[in-house]
Amino acid sequence: MNRRSASLLVLLGVLLGAAAPFLLPSAVWAQTSRAAPRKEVPPPAPPPPPAYEYTFVKRESPDEDLVELQRLGGEGWRVVSTVVVDGSTRRYVLMRDRRAEPAPH
């Protein structure tokens, strides 16, 4: 084989390699598109609605009320209202976020 025919043979190989995607598009596409299939990610679940718990404290005297309300405030309780019951008894209505129940042992 002379030098000219060898050069033509190499040139023909390069041209065929460059034209391969156009000559065999389905085979080339199948080889180049081997990316992992995308998985459908479900949307995150909506957060549960807020849950509250309530309690009340009978009003005694300003000093005793302050001590008790400060103690309850440390536990996460907030005063949301005061209520008059039977025309004379007054109570504080308190609310806080419901806490998870401890798991049984």
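The values are calculated or read from the model by the stated rules, or taken from the named source; none is laboratory data. Note that this is a predicted model, so its numbers are computed, not measured. Reconstructed Cβ throughout: ideal geometry from the backbone, glycine too, with neighbour counts over all protein chains shown. The area values use the complete protein model at the heavy-atom level, side chains included, leaving out ligands, DNA and RNA. Shrake-Rupley method; radii C 1.70, N 1.55, O 1.52, S 1.80 Å.
Available extension along the chain between residue 95 and residue 80 is 4.7 nm, counting 0.36 nm per residue and deducting the alpha carbon span. Extending 7 Å from the Cα toward the beta-carbon at both residue 88 and residue 54 defines two label points whose distance is 2.5 nm. Between residue 70 and residue 2, the contour length at 0.36 nm per residue exceeds the alpha carbon distance by 14.2 nm. Counting only protein chain heavy atoms and rolling a 1.4 Å probe, the accessible areas of 59, 71 rank, largest first, as 71, 59. Within the assembled protein chains, the solvent-accessible surface assigned to residue 67 is about 100 Å², based on a 1.4 Å probe.
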